[in-house]
1. Could you figure out which of (1) touching a helix residue (DSSP H, G or I) at 6+ places or on another chain (Cβ under 9 Å); (2) more than 13 Å from chain B (Cβ to nearest Cβ); (3) surrounded by fewer than 23 Cβ atoms within 10 Å (Cβ to Cβ) isn't true of residue A:431?
2. Here's a check for you: in segment A:68-80, which residue that is closer than 16 Å to residue A:138 by Cβ and touching a helix residue (DSSP H, G or I) at 6+ places or on another chain (Cβ under 6 Å) is farthest from the other protein chains (Cβ to nearest Cβ)?
3. Take the conditions within 11 Å of another protein chain (Cβ to nearest Cβ), closer than 21 Å to residue B:47 by Cα and surrounded by 15 or more Cβ atoms within 10 Å (Cβ to Cβ) and apply them to residue B:175. Does it pass?
4. For segment B:60-79, which residues satisfy the criterion of being away from chain A (no Cβ under 11 Å) and surrounded by fewer than 15 Cβ atoms within 10 Å (Cβ to Cβ)?
5. Go through the residues of segment A:396-405 one by one and say whether even a single one is surrounded by fewer than 23 Cβ atoms within 10 Å (Cβ to Cβ), within 14 Å of chain B (Cβ to nearest Cβ) and farther than 24 Å from residue A:41 by Cα.
6. Name every residue in segment A:393-415 that is in a loop (DSSP other than H, G, I, E, B) and under 22 Å from residue A:453 (Cα atoms), in order of residue number.
7. Looking at segment A:82-91, which of the residues that are closer than 15 Å to residue A:66 by Cα and within 26 Å of the chain's Cα centre (by Cα) is farthest from the other protein chains (Cβ to nearest Cβ)?
8. Being at pLDDT 90 or above, within 11 Å of chain B (Cβ to nearest Cβ) and either in contact with a strand residue (DSSP E or B) (Cβ under 7 Å, 6 or more places away or on another chain) or over 30 Å from residue A:27 (Cα atoms) (or both) narrows it down to one of A:300, A:275, A:316, so name that one.
């Protein structure tokens, strides 16, 4: 049971709508190109330490934290569960996102163009849970006349590998633009969106109560989930699927950086504008219709006895049609939008401390916005940040983010460069470091690169 | 610059070293329970005088109907109580009894609802609640046939039901399942 509880904690506290607010435009790290292909990168070439150039885990649950339930405070756990359910919004969502950069590299093609490429593996689980569904499970359906709606019930899960190559091009001193082409290889996809319908128990006329399923329209699309023979599901199977053996798709990232005034910069990007064509191991389920029952109407006719149960079952299957669909389908990737404006100030970086990156200011302050659209919910986050280059070897960034999980999310990132060795560590929700279990979300990224700069 | 660096590292150190967790006890999960009540609508009938007379106009003292059901036992272990509620209304000048008897797949009688539902003559809305005791809940899940016996009780003055009688016996019901999911 303890393990189960810890698992619940992990699900609720690991992984945050893929907002990488600390990494965005930080310290000229090569990985910033994965969030904005139009970011400015000043190295001559780089390669990431295989499997460790970016390890990112983000996640959370907007409803309540593990501490809300498991705090050792003498209060009965059932009281705490009840309080947590009472505090449940109209709908809450949970998310787990994990990225592992397997290979990455990049180099300056010429004075104006930088080419970067690589392969990463990504897992995403998103679920939006309406309050009514929780109420139905936690309290039952004895609240007469209440409509238990499934309208906001949606979920998404993906396991895929991504091959990518991108170009960041300097147009002039003010503009930098970039694009990244992506080839997705999906091992697993689960998609359920736009559910409608409700369940209700109301006072009836023929019987005390009648029960209704109204306007039910539910579609669950899956690929790589249901198998006749589950013995095939080995780690090797998933690795093969993620290396071009799975359902394939295409995508593109777009981005720009614009210095609209001497010390002012605006940037933006659209990430994962793409789709996957699910053709292998597809099994989808659709449920549609209305159904109403007020009980078994006994007629006491021994000459013509009724088969009440089977008649009801037949009517249920006729009126609420469950389709099993094996046709191919297209799933879009959750689109991530980033925008930022910053003001650079402080000492201009001199040739003594910053001989490899001239023309920069030592401080940056600004605002970033992030949105994740087309997922099971629309996620918005706003971040205030301060970034400081202490030297060419050490940079730090502090962020303050308001998002659906929290209005007081303090994050921090540090990047160091010793010779060609570049190491970065980024984490948020630092205000919860004194009580990790109270955090509704966690976001951690670490990476090791080898970055080589031109001598000036 | 060094001052700012020290401040940042200082903040980070304070955040990191003020203790990483407050007391938490995952073993509490063993005491967790979720209590939910589910209502399911059940059988109903409306019987007129013709239901109690044969083709010759002779009273039929006992009527019977059966629901053959396959009940899933998957949630049986979580059920703490089952409560049937019956609402009756009778405009006949005759009293009735309704008895519900359960039979298994071999058509062996395995349970009788107690008490018998008694419906006096000319009675308005009467609610009868029958609770299935916890020790008998397993019987419900072994049931294949739910038999409803409606007994027309003899009149006290010797009168009989006539086909022209427009009286009706109304019977409505629902069941409430009291579930308690325990993690331990």
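1. So residue A:431 meets the others, but not (2).
2. Residue satisfying both the conditions and the ranking: A:68.
3. Here the answer is no, as residue B:175 does not meet what is asked.
4. Selection gives B:61, B:72, B:73, B:74, B:75, B:76, B:77.
5. Yes, segment A:396-405 contains at least one residue that is surrounded by fewer than 23 Cβ atoms within 10 Å (Cβ to Cβ), within 14 Å of chain B (Cβ to nearest Cβ) and farther than 24 Å from residue A:41 by Cα.
6. A:393
7. Of everything passing the filter in segment A:82-91, A:87 is farthest from the other protein chains (Cβ to nearest Cβ).
8. The conditions single out A:300.
The values are calculated or read from the model by the stated rules, or taken from the named source; none is laboratory data. The shown structure was predicted, so the numbers you read here are calculated from the model rather than taken from an experiment. Backbone-built Cβ (ideal geometry, glycine too); neighbour counts: all protein chains shown.
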